Each structure stands twice: as structure tokens, then as C-alpha cells.
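The values are calculated or read from the model by the stated rules, or taken from the named source; none is laboratory data. Computed from a predicted structure; not experimentally measured. Using ideal geometry, Cβ is built from the backbone for each residue, glycine included, and neighbour counts are taken over all protein chains shown. Only protein heavy atoms, including side chains, enter the accessible area calculation; ligands, DNA and RNA are left aside. Shrake-Rupley method; radii C 1.70, N 1.55, O 1.52, S 1.80 Å.
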Amino acid sequence: MSRFRGWARRNLWTIVALVVLGTASVVYAFAFDWREYQERTPTQPVDVPRGEVGTLGAARFQVEEIVYLEGDSDEGRRYGVAEGTDVLIAGVRVTPDPEGTEDDYVICDIYLHAPSPDGEREWWGSTSNPTSYPGDEMNPFSCQMGYGPEYVIQLYYTVPAGGAVGGYLQVTSPEELPRALRLY
């Protein structure tokens, strides 16, 4: 023990410097990730009940239609939904900024959030149809809210069976964060 004390006394400043620099390095490394996480996470959601219109920036959003295909049902099998999964098809009416120009390209993301035994889960919607369910042939490729005519984007969410029950759609845009819309 006395041998260790002697070594510790001789190297005290080295040990202190390593502890301080090690702690500072960890704090510095995570500070950027934490700030980026906070800037990209919606912390001011606005609830929009079914049938109503929500505004994010100068764009407007409204749920047009929700179709829920259970893979273990006759209808699910008819449209080719994989067993053990469900497909939620959401049609969202988007009215981009009426005063926007072609230079105002502002993207938005529409996620499905639903409760699960492990906490709330999130799925990103795809514009490509994973089933044989009839869809709009002219479905927009992405959510654009900066300019252009009004359109309906049809999004497909493939989730575990029962995974979309009690869920909502969350609309986010990097330019509008931390504000977001929750479409029910």
C-alpha cells in the first residue's frame, strides 16, 4: 500500500490531468450529439384531431384517409400483406406554402407513432406500395411543403400485427423544429 501511495504522490499531477482531460473529452464528444438531438427532436407537438387541418410553417396538413390492412385477415391476404404484419395506408392532404416559389424547397417527414409494450415506436412511411392494394399512380415521391399545388401523398407503413393500433402520424420539418404536428 505504501508503494502505491508513493507512486500516486509522484504522479499526482499526471493523474489529475488525465481525470480532468478524460472527463472533458467525454463531455465535449457528447455535447454536440446532445445539441443535435435536441434540435432534431420535436418537443412542441400540436395535436390535430381527425378531420381538422394543421399548419406547420405556411403549409397545411390533413388526414384524408386511413386504411388498415391486417395481414392475418381475409382482406390482408387478398392484398398480399405478409402474415404477422399489418399495413397502414395513410393519405395526407398537403397544401404547400401558397406564397412559396421553386426556390423554397422545404421537405417534411411523416412518421407513424404507436404505443407498444416497450414504449412508443416510430416508423417512417414509404411512398412505394408493399401490397397489391390499389394506390394513386401519381403518388408524390416525397413530402414537399415549400411551394407547388395541393396534393395528397399516400404513405405505407408496414408494422408488426397490431402495431398501429392507437397511433398517430407525426409531421416534422427541419426548418420548423422543435415544432411538429400530430395528426390523429
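Distance in nm between label sites at D97 and V152, each 7 Å beyond Cα in the beta-carbon direction?
Taking the two extended label points, one gets 2.7 nm.
Work through the residues other than G148 whose Cβ is under 10 Å from its Cβ and net out their charges, Lys, Arg +1 and Asp, Glu -1. Each step should come with its number before you reach the end.
Working: positive: none; negative: D97, E102, D104, E150.
Summing Lys/Arg as +1 and Asp/Glu as -1 gives -4.
Taking the Cβ-Cβ separation of R40 and I15 as r and a Förster radius of 30 Å, what is the calculated FRET efficiency to the nearest 0.05?
0.20
For every other residue with a beta carbon closer than 13 angstrom to the beta carbon of Y79, add +1 if it is Lys or Arg and -1 if Asp or Glu, then tell me the sum.
-4
Of the listed peptides 145-151, 116-122, 87-93, what is their order by residue-averaged count of other C-beta atoms within 10 Å, with the highest listed first?
87-93, 145-151, 116-122
Considering the Cα trace of the chain, what is its radius of gyration and what is Dmax, both in angstroms?
Final numbers for Rg and Dmax: 24.3, 81 Å.
Quick one: if you take sqrt(5λ) for each eigenvalue of the C-alpha gyration tensor of the stretch 110-180, what semi-axes come out, biggest first, whole angstrom? Walk me through the numbers on the way to the answer.
Values: eigenvalues 105, 74, 11 Å².
Working through the eigenvalues yields semi-axes of 23, 19, 8 Å.
Kindly state, to the nearest 0.05, the FRET efficiency for S128 paired with R78, given R0 = 22 Å and r defined as their beta-carbon distance.
Efficiency for this residue pair is about 0.65.
As a check on your grasp of the helix formula, calculate [θ] at 222 nm for the chain: sum -39500 (n - 2.57) over DSSP H runs of n ≥ 4, divide by the residue count, round to the nearest 500.
-7500 deg cm²/dmol
Give the carbon-plus-sulfur fraction of the accessible surface of the stretch 97-184 in %, rounded to a whole number; probe 1.4 Å, heavy atoms of protein chains only.
Of all accessible area on the stretch 97-184, carbon and sulfur atoms account for 52 percent.
Just to confirm the number: angle between the C-alpha axis of helix 12-40 and the first principal axis of the chain, 0 to 90 degrees, nearest 10?
So the inclination is approximately 10 degrees.
What accessible area per residue comes out for the stretch 88-184, rounded to a whole number of Å², with a 1.4 Å probe?
That works out to 52 Å² for each residue.
Nearest 20 debye, what's the magnitude of the dipole of the chain about its Cα centre given +1 on Lys and Arg Cβ and -1 on Asp and Glu Cβ?
The calculation lands at about 1800 debye.
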